[in-house]
Ligand SMILES: *Cc1c(COP(=O)(O)O)cnc(C)c1O
């Protein structure tokens, strides 16, 4: 039987743009060589599937592009994008450190073998005990987000008898980022220190016992594709560096943040080479250690959400394809209006003529909706791969509506490892205590 692989269908462009996806005539959609139909049978749905080789490859590609552009920068992977210990272990083995924002992320990064010296601690709301724990472990850098935070860090460092290596996170007042909710470098955002205050605060930091002011950091948002907004932010930070240099302060380090975009459709990716060239140009002749904090770019394309069709429902408005994954699993569509590619797993189903369908989850919220897609006829039991969910996917999951956390699978060396078992229903109330006498 000749199978039409649906080359005219919209999903084909998504597959063609991703070398790690392939539609096989008999096996259906394969991710990093693994037939997703087999994974769905073996592990059930919904399930997150990650590729170890993609994670390794993306890290190596990023390192290679920076090196080829003449940029020496250490990578501090933003753990919040995907904090699974296996993911952290793979990236650590490839030479990445970590950017952490809580005791939980700090603990995870340590558990994955990342040395605190290779970590940056970010966040507007670090608690005293989190600061103390990080300093006691000799964290590589703490990014200070406010004038108010600085004396707290200094006092804790003095009490511990250590010196805290701090970078001041500057808010450069640059509008960037793929969505209002992922822009972080505008004056009205909660992040960082006002640009006008940053030099004075640096002078103050440099005068404090218990603090060594190593430099500045900046992170202007996420899902940014062009070098221009980064360049604008970095130039503003370098102007601070130069002003302080004239006063005799020599800054050692710049933390350039993360935010490199990934295409969720079949559009072009982040301009990595142009970014590296821009950084090399701006930093030429300067003796600055550089850090970058990518999250999404490393992990996003390395994962998919494998989900099953529970029901196909027709109303006067059209066709709803109800999936067994919902906003409790993947929150990005509800939170950011994000639109992820969706591809039928079976080649026979995929070959059908695409027609408009709304993909929704099972949760009792109207916002539990992945969006409108052109999809062929799909029956209950069909499987769909939701693409590019390796970052800001499983980390944002909840058990809302009594839905256990999905399984997580790692493809590595031709094997599929369960790296997190699907939660059971009794797991849902594990840890809950019902006092006596309630009935
Ligand atoms: C979220 C975040 C990152 C990573 O952002 P991506 O868009 O995933 O690269 C890096 N640094 C800081 C401070 C962040 O808050």
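The values are calculated or read from the model by the stated rules, or taken from the named source; none is laboratory data. All values derive from a computational prediction rather than experimental measurement. Backbone-built Cβ (ideal geometry, glycine too); neighbour counts: all protein chains shown.
A few notes on this one:
- Strands (runs of 3 or more DSSP E) contained entirely in region 66-125, each with at least 1 residues that are more than 25 Å from residue 273 (Cα to Cα) and assigned by TED's automatic domain parsing to the domain that holds residue 273: 97-100, 119-121
- Output for region 364-392, where each listed residue is over 29 Å from residue 352 (Cα atoms) and within 16 Å of the ligand (Cβ to nearest atom): 391, 392
- Considering region 241-271, the residues that are in a loop (DSSP other than H, G, I, E, B), touching a residue at least 60 places away in the same chain (Cβ under 8 Å) and in contact with a strand residue (DSSP E or B) (Cβ under 8 Å, 6 or more places away or on another chain) include one that is surrounded by the most Cβ atoms within 10 Å (Cβ to Cβ), namely 259.
- Selected residue (only one of 32, 83 is under 18 Å from residue 300 (Cβ atoms), at pLDDT 95 or above and over 17 Å from the mean Cα position of the chain (by Cα)): 32
- Members of region 292-313 that are within 10 Å of the ligand (Cβ to nearest atom) and either part of a strand (DSSP E or B) or in contact with a helix residue (DSSP H, G or I) (Cβ under 8 Å, 6 or more places away or on another chain) (or both): 292, 294, 295, 296, 297, 298, 299, 300
- Flag if residue 166 is within 16 Å of the ligand (Cβ to nearest atom), in contact (Cβ under 8 Å) with a residue 60 or more places away in the chain and touching a helix residue (DSSP H, G or I) at 6+ places or on another chain (Cβ under 9 Å): no
- Residues of region 214-237 that are crowded, with 19+ Cβ neighbours inside 10 Å and either part of a helix (DSSP H, G or I) or without any contact (Cβ under 8 Å) to a residue 24 or more places away in the chain (or both): 227, 229, 230, 233, 234, 236, 237.
- Unmet requirement for residue 178, which otherwise passes all of (1) modelled with pLDDT of 95 or more; (2) within 16 Å of the ligand (Cβ to nearest atom); (3) part of a loop (DSSP other than H, G, I, E, B): (1)
- So residue 215, is it within 16 Å of the ligand (Cβ to nearest atom) and at pLDDT 95 or above: yes
- Breaking point among (1) within 27 Å of the chain's Cα centre (by Cα); (2) touching a residue at least 40 places away in the same chain (Cβ under 8 Å); (3) at positive phi, for residue 402: (2)
- Here residue 159 fulfils each of the conditions (1) more than 27 Å from residue 117 (Cα to Cα); (2) in a helix (DSSP H, G or I) apart from (1).
- Qualifying residues in region 276-291 (those that are in a strand (DSSP E or B) and within 16 Å of the ligand (Cβ to nearest atom)) - the one surrounded by the fewest Cβ atoms within 10 Å (Cβ to Cβ): 290
- Verdict on residue 231 being within 30 Å of residue 340 (Cβ to Cβ), modelled with pLDDT of 90 or more and more than 14 Å from the ligand (Cβ to nearest atom): yes
- Where strands (runs of 3 or more DSSP E) fall entirely within region 331-409, those with at least 3 residues that are in contact with a helix residue (DSSP H, G or I) (Cβ under 8 Å, 6 or more places away or on another chain) and closer than 26 Å to residue 314 by Cβ are at 342-344, 369-375.
- Among the residues listed as 21, 39, 29, 85, the single one being surrounded by 22 or more Cβ atoms within 10 Å (Cβ to Cβ) and touching a helix residue (DSSP H, G or I) at 6+ places or on another chain (Cβ under 8 Å): 29
- Filter result for residue 395 (surrounded by fewer than 19 Cβ atoms within 10 Å (Cβ to Cβ) and closer than 21 Å to residue 52 by Cβ): yes
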